[in-house]
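Everything below concerns the one structure shown next.
The values are calculated or read from the model by the stated rules, or taken from the named source; none is laboratory data. Predicted model only: the values in this text are computed from it and were never measured. Here the Cβ is made from the backbone with ideal geometry for all residues, glycine too, and neighbour counts use every protein chain on show.
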């Protein structure tokens, strides 16, 4: 076996998954067909849950030091913002951070952990058997084959890994397209003309300005047709009355609202994550964030399997949990995109304006705002199991000390009422579980013991009203963290 895991794709999802696997002691190779990291940033934001999962690994400051925080975001471009600051998290904001920096930070971390990241290595196909996967790779030196125990496709919407594994990608074709342009030259004095229009203007680093345009006269143009500067200028003028003097484009792109969700996230020894598992219109900037959360969910489970202590069915739970999350994201982005699309159709503009006004009014209701804020931020993602305690499956939202238990990628165990449970857990499972005692605190009211998964979701609890049971605790630990050390 050449390596434990081959990851195809060195975008944010692939790099973060590599970090998670390496943190757990597995051998990882990341293969990327590009010659180097992207110079353009497709995504510009990290939402609250993404910052939380970086905080769970002690990495949040690396991202926060490079970005700028804003207290909320938007849903379908409605006037009233989603208020992330009122959510139950220490990271109640969106971090404005260009994707190039996200990738750079994650690659630096991966290399710190000993991950090999190989550019100009394109995965062209694979075959698997009961013992492993043979991955065909095209390199500058020719064709080669890499043998791995498992393969993960983080290689985008056109994933070769997904198609080679026979994983279906059902969904809908694009019914509209939009244009994106990053320009070095812009008439800054004219930018005020964009206010109140449907053209999004974002200042980027290096003096660049990004425009995102959905032009009713051009939204039926196929995504495959290249964007030209003249087309971009004409659309800007049509939409705002000004071309803003845009010149010297550094990146022009056309993107659509095709929406697809993999029919399964696992096929034997092959998995998909990120855009290889789900694509959609970039409404509210959820794509990159969803991919990071895929990686957080899969990493510890795959490492557990490789390291020989995964319980039966643990790997299959990756599909169960993250496919549902992908379905939620593709669903809400379709709703947002439809609202935008109808806004651009002249015959619907008046009723859609009334609908948008109604939705803005609803977002003034704190509970309604929190519902959509939780959806977009991914803070409402729960892996609840019917019949289990309501805490089970929820994300941990405690103080920094709780998060610190998970910095090493292990389980966390909190003893909130005395009795020696933490000491017993450390004695038996200290190689996989970081145990600590703490006083009861907000968010974990009425709980005496809490077992937290490496991805920050709660696996098991004992309430203060329940009689302490060594057998129940041991059963939960064996179920999630494997047998105790001898």
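Out of the residues in the range 100-117 that are in contact with a strand residue (DSSP E or B) (Cβ under 9 Å, 6 or more places away or on another chain) and farther than 30 Å from residue 370 by Cβ, which is surrounded by the fewest Cβ atoms within 10 Å (Cβ to Cβ)?
114
Is it the case that residue 37 is part of a loop (DSSP other than H, G, I, E, B) and touching a residue at least 12 places away in the same chain (Cβ under 8 Å)?
So residue 37 passes the test.
Among the residues of the range 227-267, how many are farther than 24 Å from residue 284 by Cα and part of a strand (DSSP E or B)?
Looking only at that region, the number is 5.
Restricting attention to the range 331-349, does a residue exist that is closer than 30 Å to residue 459 by Cα and either in contact (Cβ under 8 Å) with a residue 24 or more places away in the chain or in contact with a helix residue (DSSP H, G or I) (Cβ under 8 Å, 6 or more places away or on another chain) (or both)?
yes
Name the one entry in 136, 220 that is free of Cβ contacts under 8 Å to residues at least 24 places away in the same chain and not in a helix (DSSP H, G or I).
None of the others qualify; the one that does is 136.
Quick one: which of 196, 171 is over 26 Å from residue 20 (Cβ atoms) and in contact (Cβ under 8 Å) with a residue 12 or more places away in the chain?
Criteria check complete, one pass: 171.
Which residues, counting only those in the range 45-62, are buried (at least 20 other Cβ atoms within 10 Å of the Cβ), assigned to a loop (DSSP other than H, G, I, E, B) and touching a helix residue (DSSP H, G or I) at 6+ places or on another chain (Cβ under 7 Å)?
Scanning the range 45-62 gives 47, 56.
Of the conditions (1) under 19 Å from residue 162 (Cβ atoms); (2) surrounded by 23 or more Cβ atoms within 10 Å (Cβ to Cβ), residue 33 fails just one. Which one is it?
Here residue 33 meets the rest and fails (2).
Rundown of residues vs (1) in contact with a helix residue (DSSP H, G or I) (Cβ under 6 Å, 6 or more places away or on another chain); (2) buried (at least 20 other Cβ atoms within 10 Å of the Cβ); (3) within 20 Å of residue 155 (Cα to Cα), yes/no style:
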{"residue": "235", "(1), (2), (3)": "no, yes, no"}
{"residue": "240", "(1), (2), (3)": "yes, yes, no"}
{"residue": "248", "(1), (2), (3)": "no, no, no"}
{"residue": "252", "(1), (2), (3)": "no, no, no"}
{"residue": "263", "(1), (2), (3)": "no, no, yes"}
{"residue": "274", "(1), (2), (3)": "yes, yes, yes"}
{"residue": "280", "(1), (2), (3)": "yes, yes, yes"}
{"residue": "290", "(1), (2), (3)": "yes, yes, yes"}
{"residue": "304", "(1), (2), (3)": "no, yes, no"}
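Applying the selection to the range 465-486, what residues are in a loop (DSSP other than H, G, I, E, B), surrounded by 17 or more Cβ atoms within 10 Å (Cβ to Cβ) and on the phi < 0 side of the Ramachandran plot?
Within the range 465-486, just 484 meets the criteria.
Do you know which residues across the range 431-443 are more than 17 Å from residue 411 (Cα to Cα) and under 26 Å from the mean Cα position of the chain (by Cα)? Spell out how you get there, then give the answer.
Initially, the range 431-443 is screened for residues more than 17 Å from residue 411 (Cα to Cα), giving 439-443.
Hit for the range 431-443 is 443, nothing else.
Can you tell me which residue in the range 435-456 is surrounded by the fewest Cβ atoms within 10 Å (Cβ to Cβ), limited to those that are out of contact with any strand residue (DSSP E or B) (no Cβ under 7 Å at 6 or more places or on another chain) and over 10 Å from residue 417 (Cβ atoms)?
Among those residues, the one meeting the criterion is 442.
I'm trying to understand the selection: among the residues of the range 63-99, which are surrounded by 17 or more Cβ atoms within 10 Å (Cβ to Cβ) and in a helix (DSSP H, G or I)?
63, 64, 84, 99
Residues are listed down the side, and each one gets a yes or a no for (1) assigned to a strand (DSSP E or B); (2) surrounded by fewer than 21 Cβ atoms within 10 Å (Cβ to Cβ); (3) over 24 Å from the mean Cα position of the chain (by Cα):
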{"site": "152", "(1), (2), (3)": "yes, no, no"}
{"site": "175", "(1), (2), (3)": "no, yes, yes"}
{"site": "190", "(1), (2), (3)": "no, yes, yes"}
{"site": "212", "(1), (2), (3)": "yes, yes, no"}
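Could you tell me whether the range 225-242 includes any residue that is modelled with pLDDT of 95 or more and within 24 Å of residue 70 (Cβ to Cβ)?
no
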